[in-house]
1. Calculate, in nm to one decimal, what Asp97 and Ala62 gain on full extension: separation in residues at 0.36 nm each, minus their alpha carbon distance.
2. Please arrange Ser92, Ser106 by how many other C-beta atoms lie within 10 Å of their C-beta, fewest to most.
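What follows is calculated from the coordinates using simple rules that are stated; it is not laboratory data. What you are looking at is a predicted structure, and each value in this text was computed from that prediction instead of being measured. For neighbour counting, all protein chains shown are included, and Cβ atoms are generated from backbone atoms with ideal geometry for every residue, glycine included.
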Amino acid sequence: MTAETPSLPLHQLTFKSYPFEGALVVECAGRLTIEHAHLLKTEVKAMIPSQKRIILDLGEVAFMDSSGLGTLVGLYISARNSGCQLEACNMSKAVRDLLGMSHLLSVFEACGRHGMRM
């Protein structure tokens, strides 16, 4: 099963999801900002009840602001409360730096620790 948002300009946010080794991968591209974070939150939150593990592939996320950060934290809490493991991988330096400054890097680093590529 693949879900994909319509093609949007790169300054917006697009994502697609697909199964991978017992997990559901959600590839994100564009900007995870106040204008678009709600799209990711709505889509991923709806996936949580039916999944044991969700991997957010942030390799194509060019920029993330505090709303994007809040979305990741909210999704992590929702997943954990539902018995689902939420991980992030392929984080850009800018995204890693933002997570590091907010002391959240270790929370999302499980599969991104070794620079995992899928």
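1. Numbers: separation 35, 0.36 × 35 = 12.60 nm, distance 1.28 nm.
Length difference between fully extended and current span is 11.3 nm.
2. On the way: Ser92 15, Ser106 10.
Going from sparsest to densest Cβ surroundings: Ser106, Ser92.
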